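> I am attaching a structure below and will ask some questions about it afterwards.
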Amino acid sequence: QVQLVESGGGLVQAGGSLRLSCAASGRTFSRGWFRQAPGKEREFVAAIKWSGGSTYYADSVKGRFTISRDNAKNTMYLQMNSLKPEDTAVYYCAAGSAYRIATTTNEYNYWGQGTQVTVSS
């Protein structure tokens, strides 16, 4: 059983930045970030293949968000720049055993508790 602990959410003005962290207790091959706004389905944000570090982004965040990892700390990050009000959501980190970039919720076995990101206009 892998446990994921997230941190780093908060309130920021439009144009600002935040960095989310997701520390894992075990080994997984794929990790990603998703978000869920009120009344909407959970949507893919970014993913990273743990071995090799290949990354993939949703079009809505490409060029503004950066996903990265620290192998020694077994921690994944999401650097979010140029934030917009429409980025407001609960952000979840996810981990899975797929040895590839995974972009759908059913490809992940483990989920963090979620952290709120609110961007004011």
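The values are calculated or read from the model by the stated rules, or taken from the named source; none is laboratory data. A quick note: this is a predicted structure, and the numbers were derived from the prediction, not measured. Positions of Cβ are backbone-derived with ideal geometry, glycine not excepted, and every protein chain shown enters the neighbour counts. Note: accessible area is taken over every heavy atom of the protein model, side chains too, but ligands, DNA and RNA are not part of it. Shrake-Rupley method; radii C 1.70, N 1.55, O 1.52, S 1.80 Å.
> I'd like to know if segment 4-26 contains one or more residues that are over 14 Å from the mean Cα position of the chain (by Cα), open to solvent by less than 70 Å² (accessible area, probe 1.4 Å), at pLDDT below 95 and not aliphatic (A, V, I, L, M).
Yes - at least one qualifying residue is present in segment 4-26.
> Moving to a separate point now. Please state which of the following conditions VAL119 fails to meet, knowing it meets all the rest: (1) open to solvent by less than 40 Å² (accessible area, probe 1.4 Å); (2) modelled with pLDDT under 95.
(2)
> For the subset of segment 63-93 comprising residues that are of a type in the set (Gly, Ala, Ser) and closer than 26 Å to GLN13 by Cα, which member is least open to solvent (accessible area, probe 1.4 Å)? Show your work before the answer.
Our first condition is that a residue be of a type in the set (Gly, Ala, Ser); within segment 63-93, this holds for 63, 68, 72, 82, 89.
The next check asks that each one be closer than 26 Å to GLN13 by Cα; those that pass are 63, 68, 82, 89.
Numbers: GLY63: 84, SER68: 46, SER82: 63, ALA89: 3 Å².
Per the criteria, the residue is ALA89.
> I've got another one for you. Of the residues in segment 31-46, how many are within 14 Å of LEU4 (Cβ to Cβ) and among the small types (Gly, Ala, Ser)?
To start, the set of residues in segment 31-46 that are within 14 Å of LEU4 (Cβ to Cβ) comprises 31-34.
Among the residues that remain, those that are also among the small types (Gly, Ala, Ser) are: 32.
So the count comes out to 1.
> Which residues, taken from segment 83-100, are at pLDDT 95 or above and out of contact with any Gly (no Cβ under 6 Å at 6 or more places or on another chain)?
LYS84, PRO85, GLU86, ASP87, THR88, ALA89, TYR91, ALA95, listed by residue number.
> Output the residues belonging to segment 69-91 that are hydroxyl-bearing (Ser, Thr, Tyr) and out of contact with any strand residue (DSSP E or B) (no Cβ under 6 Å at 6 or more places or on another chain).
Within segment 69-91, the subset hydroxyl-bearing (Ser, Thr, Tyr) is 75, 77, 82, 88, 91.
Within segment 69-91, just SER82 meets the criteria.
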